[in-house]
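Report on the following structure.
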Amino acid sequence: GAVVSQHPSRVICKSGTSVKIECRSLDFQATTMFWYRQFPKQSLMLMATSNEGSKATYEQGVEKDKFLINHASLTLSTLTVTSAHPEDSSFYICSARDTGPRTPQHFGDGTRLSIL
Amino acid sequence: GQQLNQSPQSMFIQEGEDVSMNCTSSSIFNTWLWYKQDPGEGPVLLIALYKAGELTSNGRLTAQFGITRKDSFLNISASIPSDVGIYFCAGQIGNTNAGKSTFGDGTTLTVKP
């Protein structure tokens, strides 16, 4: 089955640090990847859609300059949280879809980001 | 925008009991998906439904794509402790919006041994 790998699984860093999270599709090519944020006991909140070779599409209210997304290849998308602050602490999850009409999203295992 | 109403919000059941949860929407979807999320992990796909009226099973799990395309349910039979987790439904409109999915708020399942 489709496998999506997300790294790192956990990050603890000081306020002001920029943090990069990687999302890789291991056994399929993903022209589209998605980045979500999840608060405790809540559903997944879509932040942006990452498109291979073009600019990401951000959801309303998500700061483009704060959450930089790069989708340089068909198997890798990265999310960089720039100058992170404690309010950016959250669980970030990526997903990826293979091409074709009947292809569901498959999720990575998430990254727990804690900003001190 | 599209919204999914998922119910119930939480369930507390005894091991061995059957479970049923559902999602409804005011919008039509071409795909319905059911995921399970364990604490600290990403959601895992359980069942994908692509055709109105489709009934699909995955072990003790059964899900159906509503005939109106606006709802779906998930049943779990003979629940076991490892069924504990949060179950999310998701609706997808084909390849439009780059296959973006709309998620329900989740059903938290607790199974008492």
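Readers should treat all values here as calculations from the given coordinates under stated rules, not as data from a laboratory. Remember, it's a predicted structure, so these values are computed and weren't measured experimentally. Note: ideal-geometry Cβ built from the backbone for every residue, glycine included; neighbour counts use all protein chains shown.
Couple of notes before you dig in:
- Among B:Ala52, B:Ala78, B:Ala90, the largest mean-square fluctuation in a Gaussian network model of chain B (Cα springs under 10 Å) belongs to B:Ala78.
- R0 of 35 Å, Cβ-Cβ distance A:Lys14-A:Lys41: FRET efficiency to nearest 0.05: 0.80
- Taking 0.36 nm per residue of separation and subtracting the current Cα-Cα distance, fully stretching the chain between B:Ile93 and B:Ser77 would add 2.9 nm.
- Counting Cβ atoms of other protein chains within 10 Å of each residue's Cβ and taking the mean over peptide A:74-86 gives 0.
- Note on chain B: Cα Rg divided by 2.2 N^0.38 Å, N the number of residues, gives 1.02.
- Global form of chain A, assessed from the alpha-carbon gyration tensor, a/c cut-off 1.5: prolate
- For segment A:13-70: rounded, prolate or oblate by the Cα gyration tensor [a/c cutoff 1.5]: rounded
- Per residue of peptide B:99-106, the mean number of Cβ atoms on other chains within 10 Å of the residue Cβ is 6.
- Cα extents of segment A:56-116 along the three principal axes, largest first (Å): 41, 22, 22
- Computed over every Cα-Cα pair of segment B:63-113 and binned at 10 Å starting from 0, the pair-distance distribution P(r) comes out as 21, 42, 27, 9, 1 percent.
- Spin-label pair A:Glu22/A:Leu68, simplified geometry with 7 Å Cα→Cβ offset, distance in nm: 1.7
- Relative contact order of chain B, defined on C-alpha pairs under 8 angstrom at six or more residues apart (%): 36
- Dimensions of the protein assembly as shown along the principal axes, based on C-alpha atoms and rounded to the nearest Å, stand at 49, 38, 32, largest first.
- Loop-exposed trypsin sites (Lys or Arg not before Pro) per DSSP, neighbour cap 14 Cβ within 10 angstrom, longest uninterrupted part of chain B: B:61-113
- Peptide A:93-101 has a mean shielding of 3, counted as Cβ atoms of other protein chains within 10 Å of each residue's Cβ.
- Ordering A:His106, A:His7 from the fewest to the most neighbouring beta carbons within 10 Å gives A:His7, A:His106.
- Separation of the A:Ser83 and B:Val84 label points, Cα + 7 Å toward Cβ, nm: 4.3
- Applying a threshold of 22 Å to the alpha-carbon distances of B:Lys36/B:Lys112; A:Lys14/B:Lys100; B:Lys36/B:Lys100; A:Lys14/B:Lys36 flags A:Lys14/B:Lys100; A:Lys14/B:Lys36 as lying beyond it.
- Residue order, fewest to most surrounding Cβ atoms within 10 angstrom, among B:Ser101, A:Ser5, B:Ser25: A:Ser5, B:Ser25, B:Ser101
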